[in-house]
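Each remark here refers to the structure printed beneath this line.
The values are calculated or read from the model by the stated rules, or taken from the named source; none is laboratory data. Keep in mind it's a predicted model, so treat the numbers as computed, not measured. For neighbour counting, all protein chains shown are included, and Cβ atoms are generated from backbone atoms with ideal geometry for every residue, glycine included. Surface areas here come from the heavy atoms of the whole protein model, side chains and all, with no ligands, DNA or RNA. Shrake-Rupley method; radii C 1.70, N 1.55, O 1.52, S 1.80 Å.
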Amino acid sequence: MHLKTANPLWHGIYSACFGSLVIAGAIYSGVALRDYQLQEQKSFLKGQVALDIEHYYNENFIARDLGSNLWALINYSLFREGRVGVVIGEESWLYTLDEVKDYPEAAQDLTTNLAAIDAVAAHVRAQGSDLLVALVPEKAAIYSEYLGPRRVAPIHSQLYAQVVNQLRGQGVVVVDTTDALINAKQTATTFLKSDTHWTPFGAEVVAKEIAQTLKNSLHHPLLEQQVFSSQDDEPTHFQGDLLNYIPLGIFSEWVDVSADQLVKTRTQVATSTATAADDLFGESSADIALVGTSYSANANWNFAGALKQHLGTDLVNYAQEGKGPFVPMTDYLNSADFTNAPPALVIWEIPVRFLPAPQPKENIASLLAILKGNQ
Amino acid sequence: MVFSSSIFLFVFLPIFFAVYFLTPNKWRSLIIVIASYIFYGWWRIDFLALFFGITAINYWLGLRIEQAETRERAKRWLLLGLAIDLGTLGYFKYANFGVDSMNALLVSAGFEPLELGKILLPIGVSFYVFESISYLMDVYRKEIPATRRFLDFCAFVALFPHLIAGPILRFKDLSDQFANRTHTWDKTAEGCSRFMQGFIKKVFIADTIAPLVDQAYGMENMTTGDAWVAAIAYAIQLYFDFSGYSDMAIGLGLMMGFRFMENFNRPYASQSITEFWQRWHISLSSWLKNYLYIPLGGNRGSSVNTYRNLFLTMLLGGLWHGANWTFIVWGAWHGTWLAIERALGLKTDSGFKPLRWIFTMLLVVIGWVVFRAESMADALRIYEAMFSFSNWQLSQVYADSITRQQLLMLVIACGVLVFEVCRAHSGFVWQWKRKYFSAMGALLLLPLFMLSVLKLAAELYSPFLYFQF
């Protein structure tokens, strides 16, 4: 299909607008490419230099941000959608797509991932340490009331209970934090609206549950050696990670998008009853290791601090951001800290949403290789 | 370089037109050649030597054919040219495929496989080789004199608007325009408008629908619903992608004063596969008819020979698209239906028949499945899902991946195509409202073009489907 019009007015308008746009872009292009530096290792003959120039140009193109922002505005306003990866719920609650979508091989991947956790537990036990799995529920399960009409894949409906039962059946100690997080909602928000993660309050609720489990079930001798105190900062405006999927930029004032107030919490030692903590390198002497994901690694949520406070003992945080639950555990098991002096207790924080998802094969392979090598 | 890229639109194009219009008429072919070689070399400079070599040899062979003292000698020069052109195409496009297929047979028979390094396919080779062949054959048939103007011939083969993905032009259609073409305000404006329409088709529509197709074709388990949505979405994506490219090529040609042949004429309004090939990729079907079907004997022999020629033409046409069994099967599919329609004596000018139209579209969509599939195994997997009629609901995995924006664009694209069907069959509804629709389209053109430019800027990369051929 193509439009045909003999109207000279339209001809004039088209030509003038097209010409102006192209010329304006051309003038800017001179400026944009001015700072380009030739990469000597790239081949001119094989088109690598041209490709590099084009990448540089696209990255610095004047309309790039404007384009991203405008299309984010269109998608958000008209379709209530962001980029692939975010689910926009009601009252500006945002969720990660991982918590509602289906996975083609969910059952098989879940089995593989649970087997890996079981293998880690056996390995840690074999080194004389205890392992406690702190299973983080899905935000979409805790705050399902704001999901709106979005359909949640059946795999997620009983996922948490299924994982807890299966791991406990295999003899792994698991802390079920769902009820605590749901009950705590009456007091304060436990997950951030615009972020995948919990609030410092939610993190503290989970830390309390873990401490309770350790005190009640394990009667761990390491507990209550120190007294920690926490102090809240002033609330600050917080842009959650899920807003990266709605890059409104200059248009963010135009629409009512999700925003959070984050109260950061800092935890410090108040008094100590143990000699170990008087060590010059107090942290290195801690007998509890925390391994996990961004829920533990990101200081914004203060999960490690809350754990110290409610356990009443120090710990070393080996959690890493953006690598899922298995890579940090692989790195930790492979580290001199673990191989030379296994701690008394390893707390492994695992967001349940990772478990039905396919993990990179090399991640599981590296983990299993370490477990095999050390057994 | 692709038309739907910021660097083409805002760097290459303004510099080219500034230089082109500031250059006196007699030197403009030189400017076209230089610019087109830069355009081509942007992909890889080393392959320019092959490109220039093919151009120079065909120019020289054209002169030899014309100057041959006898038809027999002219034919020998022609055959030499065909051997060089087809040999080039065969080596770069089909050698790996041939060796792989041969190895499959050798290995199954217990022999050692042959070894051949990976041969890189030069971009656009299928198009410039076909254009060179058409030139030699037209000179041999004395339909045109061999050109003495080497620069014009270079400019014809290299002309960047049609260099990478067509339309497949014939020298005889453009030779006069190289010597004498007009640059009018109307032509330039029409070119701008046409370019913008093509850009919108490509970036705004085809690129938005593309994830719907990619997601489904990447899935191992599809429901019947998934498979049909993906098949229909691909038919729509391919049309808007390729016709968008052709619109841009024609628009750029108009801005430079050339008028290229149309490459699409509402193909999805066809009521038979024969009609489809009169409306889809017209420059290719014309080429296949003139330089393959007719030399094979066309419809001059017995009915059986005609059916054979139709089948072979489409089979080779399929193979032209790529070195894969999927394209051969796709060509055979179309060739078979062309032969059946010929045998049934199907007429295409007998008014709109909805059932016949639906049946034709069904055949086309079924054909596109194997055309899009990476392998025959993939194609069979999708056909199995399509025709198992087991579950018409979308699978949750597929449904989760579809956004409302994609869905709306699919509906809009379907609406545009239905509108085209209505327009193609005169006397049908909408006829009296044409001017209103034209005015609406004209009003929307600029805002949609701006939105498309911003979409491209946000998404950075927008390759054309037909570049792989």
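Loop by DSSP (not H, G, I, E, B), at most 11 other beta-carbon atoms within 10 Å: where is the longest site-free stretch of chain B for GluC sites (Glu not before Pro)?
With GluC sites (Glu not before Pro) excluded where exposed in loops, chain B gives B:221-373 as its longest stretch.
Could you please state how large a percent of the accessible area of chain A is carbon and sulfur, counting protein chains only and using a 1.4 Å probe?
52 percent
Please report, in whole Å, how far the alpha carbons of the stretch A:281-375 spread along each principal axis, starting with the longest.
Largest to smallest, the principal-axis extents are 37, 30, 16 Å.
Search the structure for amide H atoms under 5 Å from the amide H of A:ILE350, placed 1.01 Å from N in the peptide plane, and list their residues when 5 or more places away or on another chain.
When sequence neighbours closer than 5 places are left aside, the close amide H contacts are A:ALA134, A:LEU135, A:VAL136.
So how much slack lies between A:THR339 and A:ARG83, counting 0.36 nm per residue of separation and subtracting their Cα-Cα distance, in nm? Show your work: numbers first, answer last.
Details: separation 256, 0.36 × 256 = 92.16 nm, distance 4.27 nm.
Taking 0.36 nm per residue and subtracting the Cα distance, the gain is 87.9 nm.
Taking the stretch B:67-137, which chymotrypsin sites (Phe, Trp or Tyr not before Pro) meet the DSSP loop condition and have no more than 11 other C-beta atoms within 10 Å?
Listed in order of number, the matching sites are B:PHE111.
Applying the Karplus parametrisation 6.51 cos²θ - 1.76 cosθ + 1.60 with θ = phi - 60° to the phi angles of the stretch A:345-358, what ³J(HN,Hα) value in whole Hz is obtained for each residue in order, glycine and proline being reported as x?
9, 10, 9, 10, 8, 10, x, 5, 5, 6, 6, x, 8, x
Could you tell me which GluC sites (Glu not before Pro) in the stretch A:171-248 are loop residues by DSSP with no more than 15 other beta carbons within 10 angstrom of their beta carbon?
The qualifying sites are A:GLU224.
Just the number, please: percent antiparallel of the DSSP beta bridges in chain A, rounded to the nearest 5.
45 percent
Evaluate the charge dipole of chain A about its Cα centre and quote only its size in Debye, nearest 20, assuming +1 on the Cβ of each Lys and Arg and -1 on the Cβ of each Asp and Glu.
Magnitude of the dipole: close to 960 debye.
Kyte-Doolittle mean at least 0.5 and Cα extent at least 18 Å along the axis: which DSSP H helices of chain A qualify?
Numbers: long enough: A:8-34 (39 Å, 1.07); A:64-79 (22 Å, 0.32); A:106-126 (30 Å, 0.56); A:200-213 (20 Å, 0.29); A:361-374 (20 Å, 0.32).
Helices meeting the criterion: A:8-34, A:106-126.
Taking each pair of distinct Cα atoms in the stretch B:181-256 once, what is the resulting Kirkwood hydrodynamic radius in Å? Intermediate values should be presented prior to the final figure.
Numbers: mean 1/r = 0.0734 Å⁻¹.
For the stretch B:181-256, the Kirkwood estimate is 13.6 Å.
Using a simple charge model, +1 on the beta-carbon of Lys and Arg, -1 on the beta-carbon of Asp and Glu, nothing else, what dipole does the stretch B:75-170 show about its Cα centre, in debye to the nearest 20?
On the way: 9 positive and 8 negative charges, 101 e Å.
Once rounded to the nearest 20, the dipole reads 480 debye.
Once both labels are modelled 7 Å past Cα along the beta-carbon direction, what's the B:ARG149-B:ILE294 spacing in nm?
Between B:ARG149 and B:ILE294, the label points sit 2.4 nm apart.
Along the charge dipole of the stretch A:1-115, which of A:ALA63, A:TYR28, A:LEU51 sits closest to the positive end, that is, farthest toward it, with unit charges on the beta carbon of Lys, Arg, Asp and Glu (+1, +1, -1, -1)?
A:TYR28
For A:ARG34, project a label point 7 Å along Cα to C-beta. Then give me every residue of the stretch B:1-23 with its amide nitrogen under 19 Å of that point.
Residues B:10-12, B:15 qualify, since their backbone N sits under 19 Å from the label point.
With a 1.4 Å probe and all protein chains left in place, how much accessible area per residue does the protein assembly as shown have, in Å²?
The answer is 44 Å² per residue.
Over the C-alpha atoms of chain A, what are the Rg and the largest Cα-to-Cα span, Dmax, in Å?
According to the Cα coordinates of chain A, Rg and Dmax are 25.9, 92 Å.
Give or take rounding to whole Å, what are the principal axis extents of the alpha carbon atoms in the stretch A:162-248, in descending order?
Computed over the Cα atoms, the extents are 49, 36, 22 Å.
Over the Cα atoms, compute the radius of gyration (one decimal) and Dmax (the largest Cα-Cα distance, rounded to a whole number) for the protein assembly as shown, in Å.
For the protein assembly as shown, the Cα radius of gyration and maximum Cα-Cα distance read 32.9, 111 Å.
Return the value, in Å² to the nearest 100, of accessible area buried between chains A and B (probe 1.4 Å, both sides summed).
Numbers: alone 20060 and 21710 Å², together 36890 Å².
In total, chains A and B hide about 4900 Å² from solvent.
Restrict the search to the stretch B:210-309; then list the trypsin sites (Lys or Arg not before Pro) that DSSP places in a loop and that have at most 10 other Cβ atoms within 10 Å of their Cβ.
B:ARG300
Assign unit charges at the C-beta atoms only (+1 for Lys and Arg, -1 for Asp and Glu), then state the dipole size of the protein assembly as shown relative to its Cα centre in Debye, rounded to the nearest 20. It would help to have the intermediate numbers written out before the result.
Details: 63 positive and 73 negative charges, 1039 e Å.
Rounded to the nearest 20 debye, it is 4980 debye.
Would you please report the Å³ per residue occupied by the convex hull of the alpha carbon atoms in chain B?
176 Å³
Suppose the chain between A:ALA16 and A:TYR146 were pulled fully straight at 0.36 nm per residue; how much longer would it get relative to their current alpha carbon spacing?
Between A:ALA16 and A:TYR146, full extension yields an extra 41.9 nm.
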